[in-house]
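Here's the structure, in structure tokens; my notes come after.
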Amino acid sequence: MGLDTIVKNGLMVTESGVLPAGQDIGISKEKISLIGYDLPENPETKIIDAQGAYITPGGVDSHVHLAQRNAPTGDTWETGTRSAVAGGTTTVLAFVSQTKEMTTLFPVLEEYHGKSRNQSYCDYGFHFILTNPTETILNQELPVIAKEEGITSVKLYMTYDLYQLSDKQLLETLLACRSLGLTTMIHAENGDMINFLIQGLERNANTAPFFHAISGPKIAEDEASYRAIRIAELVDAPVLLVHVSSDGAMKHIRDAQTRLLPIHAETCPHYLFLLSDRLANEEHDHFHGAKGGLLASTSSSP
Ligand SMILES: [Zn+2]
């Protein structure tokens, strides 16, 4: 049998786990036809050396906002996951979001299952956004969410009026998550700094899209990242700082990692390739720059 391509030396991840090393993937007619040891090759077989790499059935996007009630998106579950699959992503982790008036997590979890159930083209899971982490939620509901609902991560915000937590709430939630072994993602920007700047900009009618970048300066992320790290350090909890976009925040993360603290971070490609000048684009009309929107701002993203 002629295999067109063999992928060798990688560590294969399937839905049941990581396969023992040494197995190769055989591809014929653009489809995986064999997985096993010492696959037959002929002179025409193309060999791909995947030494040192994991091979997954598709991409896993661990940070996806879809159809949230307090952060609406253009995409529905159907269109968003269809795009994901078209781009090679076969698993997405989206968000269930508590809103501040909710004193229990279960109804909203069911509501978000209702949006995604039978609508998704790919595998998915949820992170829980906590905006009102009461004692009952942290001590009684979160353990059930973690153990019975398969949700093993929460996301916390230090900005946006609809989401923002106090330092005390961050401490209490991080401690609860640590005891349950949950991963905590933190959006680290100083919400009061940003609101203060927005008020001044609005007072002076500076409301064009470009001013979105001015309202979210690097110092707001710098300060909140440092605070998030020290808050996590106090309760000895691991943290993932999400969509990091500034050198100041990077420096705090590096310093923390150098001290061997369990501080992790992620960025987004658009922070590396788009700058706020995109927001100033008024080529066609005043709001043309808005198309750069969240992508181009210095440090804003849900
Ligand atoms: Zn996000």
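Some observations on this one:
- Averaging 1/r over every pair of different alpha carbons in segment 18-135 and inverting the result gives a Kirkwood radius of 17.3 Å.
- Accessible area per residue in Å² at 1.4 Å probe, computed on the chain: 53
- Amide hydrogen neighbours beyond the local backbone of Thr89, cut-off 5 Å, H modeled: Gly59
- Beta bridges by DSSP in the chain, antiparallel share as percent, to the nearest 5: 30
- Overall, the accessible surface of segment 5-55 at a probe of 1.4 angstrom is composed of carbon and sulfur to the extent of 54 percent.
- At 1.567 mPa s and 4 °C, Stokes D of segment 71-185 from Kirkwood alpha-carbon radius, µm² per second: 87
- Computed with a 1.4 Å probe on the full set of protein chains, the accessible area for Thr79 sits at about 40 Å².
- Counting only DSSP H runs of at least 4 residues, each contributing -39500 (n - 2.57), and dividing by the residue count of the chain, the helix-based mean residue ellipticity at 222 nm comes to -9500 deg cm²/dmol.
- In plain terms, the chain is cut at each of the trypsin sites (Lys or Arg not before Pro) found in a DSSP loop with at most 11 other Cβ atoms within 10 Å, and the longest leftover piece is 118-258.
- Segment 196-268 - percent of accessible surface contributed by carbon and sulfur, probe 1.4 Å: 60
- Debye log10 I(q)/I(0) at q = 0.27, 0.30 Å⁻¹ for segment 5-55, Cα point scatterers: -1.11, -1.28
- Within the accessible surface of segment 127-184, defined with a 1.4 Å probe on protein heavy atoms only, the carbon and sulfur portion equals 49 percent.
- Dipole in debye (nearest 20) - the chain, about Cα centre, beta carbon charges: Lys, Arg +1; Asp, Glu -1: 160
- Size-normalised alpha-carbon gyration radius of segment 59-296, reference 2.2 N^0.38 Å: 1.04
The values are calculated or read from the model by the stated rules, or taken from the named source; none is laboratory data. The shown structure was predicted, so the numbers you read here are calculated from the model rather than taken from an experiment. Because the Cβ atoms are built from the backbone with ideal geometry, glycine has one as well, and the counts that use them run over all protein chains shown. Heavy atoms of the whole protein, side chains included, go into the accessibility calculation; ligands, DNA and RNA do not. Shrake-Rupley method; radii C 1.70, N 1.55, O 1.52, S 1.80 Å.
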